[in-house]
Amino acid sequence: MSGMKKTPRADASAGTMGLFAAAVVLFAGLIAGGQANAGEAGAATWRVGEIQGEARIRTAAGPWRMLGQGDVIDPNSEIETSATGRIRLASRRGSIIVLPESRFGFRALPGQPGIMPGIIHRTGKLQFGIATTPATPLRIKTPFLMAAIADATFTITVKQNKVALYVAKGAARVMSVLTGEEAMLQPHQLAWVSAPNGGQLKTIMMRPRTAPRVGGKLQARLAISQPTG
C-alpha cells in the first residue's frame, strides 16, 4: 500500500540498538532490568485512578477478583476489562488507559523494586504516557511485537492476528517477534505486524489528524484493520 515499507534490520544507530538490546535480554527471561534504588520503589507502583464499568484482576495463578478504584496493582498480576470496562492506572512515572475488552499482565523482576514492571499485552487496546529513561525503559511484549520505550506517549492495539503500535510523542524501539525486523519509531509513526502476512514489520508516517484515537478505530487503509485474504 502507498506509504508503507518494510523496515531494514541493520539501519539503526548504536545508541538505539543499545535500548532495544536491553528489551531482548529482558524478555529472554520475561523481565530483566538495571539497578534501582529501593527508595524509588513507589515510582514503579501502579494504582487504579479511575474505573468505569467492570474490570478484574488476579495475582500470579490466583483467583480473579473485581478491581476497584484506589486499588494498588501487584507487580505480578493480570488485568482484564469487560465489554464496558475502562480504567486508568497511574504511577509517579506515567499512566495507562485500559480500554474495553483488553487483557494484559505486569511482570516484575525480584529484587528490583524501583524498575517499572514489564508488560505482557495479550489483547485489546492500551494507551500509555510514560516518563522513564533509556537506562530503564518500559518493556512490552505482545504475541507478535516487542517494544522498549522511554519517555513517550503511545498506543498499542492487539488483535487476534495483528498488533499495531502508534507513537504520539517520544520514540519507541520495536521488533517483530516472527521475523526479527526492527525499527525506531518517531512521533506520528505507526508500526504493525500481521501474522497472516508472514509477520513482517511495517511502518507508516501518519498525519496527526488521522492518528488513531483512544477508543477509536484505526484507519481502514491500514493493514491492522483490514480483513485478511
Going residue by residue through the stretch 120-135, is there one that turns out to be open to solvent by 10 Å² or more (accessible area, probe 1.4 Å) and touching a helix residue (DSSP H, G or I) at 6+ places or on another chain (Cβ under 7 Å)? yes
Within the stretch 59-71, identify whether any single residue is of a type in the set (Phe, Trp, Tyr), in contact with an Asp or Glu (Cβ under 8 Å, 6 or more places away or on another chain) and not in a strand (DSSP E or B), and answer yes or no. yes
Expected single match for touching a residue at least 12 places away in the same chain (Cβ under 8 Å), open to solvent by 40 Å² or more (accessible area, probe 1.4 Å) and among the hydroxyl-bearing types (Ser, Thr, Tyr) among 153, 142 is 153
Qualifying position, being at pLDDT 95 or above, open to solvent by 10 Å² or more (accessible area, probe 1.4 Å) and basic (Lys, Arg), among 88, 92: 88
Among the residues of the stretch 96-114, which ones are at pLDDT below 95, within 27 Å of residue 190 (Cα to Cα) and open to solvent by 20 Å² or more (accessible area, probe 1.4 Å)? 107
Selection status of residue 77, within 21 Å of residue 163 (Cα to Cα) and among the small types (Gly, Ala, Ser): no
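The values are calculated or read from the model by the stated rules, or taken from the named source; none is laboratory data. Fair warning: this is a prediction, and the values are worked out from it, not measured in the lab. Every residue, glycine as well, gets a Cβ built from its backbone with ideal geometry; the counts of neighbours run over all protein chains shown. To get the accessible areas, we keep the full protein, side chains included, count just its heavy atoms, and leave off ligands, DNA and RNA. Shrake-Rupley method; radii C 1.70, N 1.55, O 1.52, S 1.80 Å.
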